[in-house]
Amino acid sequence: MSTRPRIYLTQKIPEECEGWRLLRESCDVKVYDEIETGHMIVPRDQLLRDVRGVDALYLALPVQVDAELLDAAGPQLKVIATKSVGLNHIDLAECARRNIPVGYTPDVLTDAVAEATIALTLATARRHKEGIQAVHGGQWGKTWESSLYLCGKDICNSVVGIVGLGRIGLGVAKRLRAFGISRLLYCGRASKPHAAEVNGEYVSFDELLKMSDFVIACCSITPENHHLFNADAFGKMKKSAIFINASRGILVDQDALYVALASGQIFAAGLDVTTPEPLPPDHRLLTLPNCTVHPHLGSATVTARHAMADLSARNALAGLRGEPLPAPVPLI
Ligand code: DGY
């Protein structure tokens, strides 16, 4: 029997990635094969079987890590490497209790997610979904008699409110500054010294909602901010406001968002993240012309995904060797 450490990957790594070579060099690698099963995401019962006896677990969203999975893996499990910066799919307290270090992928995806957030903000403000639907549906031209046909909102001269001015929030703010926005507000648990780089003004959540033309959620998920964007929050926003979610679906009460959009309480929303993912194609949010939904494309560039794959491999290998991880999640 091989004495090499065993690692289980819930998703293939592109073979050209350095991380793939490194893992293959020193581990027995088992990879979930979505082609074989026809499911993109490993079914839970198969996952529970596949992880039995592994020394390292290398996972991609939306695989959930909890006590059941850790029990299924067994006490020899030395490290978890998640190919994400978001961590709400992992029970970190349970990992800490078992002394299992968790590695993640901050920084390497910041630019990709910030760019995707700008793209979603522009697409939502300028009504790209309705425009594309009009082209495909043969309505293009029929309504040009109105000079306000498919008119949207300007970013320039607007007040932008960023909820969570962390790495990604700052990346979004820097890019939006180039659009000539009038003010950049932000809120969060504390003011941030780096806000000076974007002339950011620290305000309360309520003030941000009331004053912003664009409300952009870039925060990480905590037990306190589930459904932070609820009926009350949408009620405080301007009727002309645009809401963008680049964080996680759990931040939003989607029923309240539906009502806010359908009743014209806010102008439009752009969501890169939803609950659940994938959002069922018959979900009522998708019926709204003023709701643009992207399939969680934040980090979806080849460069970012390769860098995430490599960093996750290095996290896993360091954990297997009992060394400090290159990008450890601070244990709680
Ligand atoms: C992450 O890594 O958490 C991002 O949501 C991926 O796009």
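Numbers below:
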| read-out | value |
| --- | --- |
| Sole residue being within 16 Å of the ligand (Cβ to nearest atom) and on the phi < 0 side of the Ramachandran plot, chosen from Leu70, Leu92, Leu57, Leu48 | Leu92 |
| Hits in the range 109-122 (condition: in contact with a strand residue (DSSP E or B) (Cβ under 7 Å, 6 or more places away or on another chain) and within 13 Å of the ligand (Cβ to nearest atom)) | Thr117, Leu120 |
| Some residue of the range 29-40 being of a type outside the set (S, T, N, Q), under 22 Å from His296 (Cα atoms) and buried (at least 16 other Cβ atoms within 10 Å of the Cβ) | yes |
| Any hit, the range 123-131, residues being away from the ligand (no atom under 16 Å from the Cβ), in contact (Cβ under 8 Å) with a residue 60 or more places away in the chain and small (Gly, Ala, Ser) | yes |
| Any hit, the range 13-22, residues being farther than 30 Å from Ile244 by Cβ, within 16 Å of the ligand (Cβ to nearest atom), in a loop (DSSP other than H, G, I, E, B) and at pLDDT below 95 | yes |
| Verdict on Ile41 being within 16 Å of the ligand (Cβ to nearest atom) and farther than 21 Å from Gly322 by Cβ | yes |
| Looking only at the range 280-301, and only at residues there that are within 15 Å of the ligand (Cβ to nearest atom) and of a type outside the set (Gly, Ala, Ser), the one that is surrounded by the fewest Cβ atoms within 10 Å (Cβ to Cβ) | Pro295 |
| Selection count, the range 227-262, where residues are of a type in the set (Val, Ile, Thr) and either at positive phi or within 16 Å of the ligand (Cβ to nearest atom) (or both) | 3 |
| Test: Leu317 is surrounded by 21 or more Cβ atoms within 10 Å (Cβ to Cβ) and more than 15 Å from the ligand (Cβ to nearest atom) | yes |
| Wholly enclosed strands (runs of 3 or more DSSP E) of the range 50-167 bearing at least 3 residues of a type in the set (A, V, I, L, M) and more than 20 Å from Ile216 (Cβ to Cβ) | 56-59, 79-82 |
| Of the criteria (1) over 20 Å from the mean Cα position of the chain (by Cα); (2) on the phi < 0 side of the Ramachandran plot, which one Asn199 fails | (2) |
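The values are calculated or read from the model by the stated rules, or taken from the named source; none is laboratory data. Predicted model, so just to flag it, every value in this text is computed and none were measured. Cβ coordinates were reconstructed from backbone atoms using ideal geometry, including for glycine residues, and neighbour counts include every protein chain displayed.
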